[in-house]
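Derivation of every value follows stated rules applied to the coordinates shown; laboratory data play no part. This is a predicted model, so every value here is computed, not measured. When we count neighbours, we look across all protein chains shown, and the Cβ atoms used for this are built from the backbone with ideal geometry, even at glycine.
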Amino acid sequence: MKISEQLLQDFDAEISNTRRTLERVPEGKNNWKCHEKSMELGRLAMHCATLPLFGSYIMLDDGMDMANSKRPHFPLEFTTREAALKQFDECAKACREAIAAASDEALSANWRFSFGEHLISDRPRSTTFRMMCFNHLIHHTAQLGVYLRLNDLPVPALYGPSADEQWAPK
């Protein structure tokens, strides 16, 4: 099995989990946050919605210097649930296509990630993708689940049952 095929198995599951969580984000609570140091709900939702695009950059670019990135950054302004889901679907599609097109050789090559002179990572592209896209997305999707709970909204069953929903493997 190619490395890209393995990544796509995980990708499809995590994208499904994130989409199901984004589908529950309420409109009209954009500025709500659970703590003064926390990200606002709308900003967090849009961060989750656009993270797969960063995953596509990992697949497509030779490396990235965040201090001098030529890639566009989307504003993390939540307007409507529908707009957030549309943005998410577009970003996820771009990422999935980039993973599917990646060769084992490209996925095994190191991908340098820095902020100016500060080196963040210089590991194989597949490892960087897991760390900076998958793990990052899983972390913020779970955080979004906590925000849902604190707003008394149903939390989806992602890796097992939640208090609101039974879980069935897909």
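Would you mind getting me the FRET efficiency between ASN135 and SER108? Use the beta-carbon distance for r and R0 = 22 Å, nearest 0.05. For ASN135 and SER108, the calculated efficiency is 0.70.
Cross-link partners for LYS29 among the lysines, with Cα-Cα distance under 28 Å and sequence neighbours closer than 8 places in the same chain left out: LYS37, LYS86, LYS93. Loop-resident GluC sites (Glu not before Pro) (DSSP state other than H, G, I, E or B) in the stretch 16-66 with no more than 13 further Cβ atoms inside 10 Å of their Cβ: GLU23, GLU27, GLU36.
When you filter the GluC sites (Glu not before Pro) in the stretch 41-135 for DSSP loop state and at most 13 other Cβ atoms inside 10 Å of their Cβ, you are left with GLU77, GLU117. Taking 7 Å steps out from each Cα toward its Cβ at THR79 and ASP65 produces label points 3.4 nm apart.
Two decimals is fine: what is log10 I(q)/I(0) at q = 0.11, 0.16, 0.19 Å⁻¹ for the stretch 3-150, from a Debye sum with one equal scatterer on every Cα and no solvent? Treating every Cα as an identical point scatterer, log10 I(q)/I(0) equals -0.42, -0.86, -1.13. Here the extension length gained between GLN6 and CYS34 equals 6.5 nm, from 0.36 nm per residue of separation less the Cα-Cα distance. Contact order for the stretch 3-150, expressed relative to its length and based on alpha carbon pairs under 8 Å spaced 6+ residues apart, stands at 34 percent. Here's the picture: charge each Lys and Arg Cβ at +1 and each Asp and Glu Cβ at -1 in the stretch 1-96, and of SER4, SER16, GLY63 the one pushed furthest to the positive end of that dipole is SER16. Applying both filters, DSSP loop and at most 14 other Cβ atoms within 10 Å, to the chymotrypsin sites (Phe, Trp or Tyr not before Pro) of the stretch 137-170 gives TYR159, TRP167.
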